[in-house]
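To keep things clear, I will list the structure first and then write my remarks on it.
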Amino acid sequence: MGLEVRYKWRREDVQIVLHPDELPKKWYNILPDLPEPLPRPKDPETGPSRVEPLPKMMVNKCLEQEFSEQRI
């Protein structure tokens, strides 16, 4: 007889706090370096793309950065 404990991690359960000196000074976009494009994000509950409602929730400049394939 054994006891098995399982815990499903949720993203909201994890919080990483960095000291200001540890914060990244530069960012690098890995999307252009991937061998193939990432699949479009899907809603975990309903399945359809989560990309379509984004323009209603985010500023266009933020969307451009989020989906950019430029290295800079």
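Any read-out appearing in this document is the output of simple, stated calculations on the displayed coordinates, not a laboratory observation. Everything quoted here is computed from the prediction, not taken from an experiment. Positions of Cβ are backbone-derived with ideal geometry, glycine not excepted, and every protein chain shown enters the neighbour counts.
Quick check on the stretch 29-50. Is at least one of its residues among the aliphatic types (A, V, I, L, M) and in contact (Cβ under 8 Å) with a residue 24 or more places away in the chain? Checked the stretch 29-50: at least one residue is among the aliphatic types (A, V, I, L, M) and in contact (Cβ under 8 Å) with a residue 24 or more places away in the chain. Residues of the stretch 33-49 that are at negative phi and either surrounded by fewer than 10 Cβ atoms within 10 Å (Cβ to Cβ) or in contact with a His (Cβ under 9 Å, 6 or more places away or on another chain) (or both): 33, 34, 35, 36, 37, 38, 39, 44, 45, 46. Is it the case that some residue within the stretch 50-68 is over 13 Å from the mean Cα position of the chain (by Cα), surrounded by 10 or more Cβ atoms within 10 Å (Cβ to Cβ) and among the small types (Gly, Ala, Ser)? Among the residues of the stretch 50-68, at least one is over 13 Å from the mean Cα position of the chain (by Cα), surrounded by 10 or more Cβ atoms within 10 Å (Cβ to Cβ) and among the small types (Gly, Ala, Ser), which makes the answer yes. Applying the set (1) outside any loop (DSSP other than H, G, I, E, B); (2) under 27 Å from residue 10 (Cβ atoms) to residue 40 leaves exactly one unmet item: (1).
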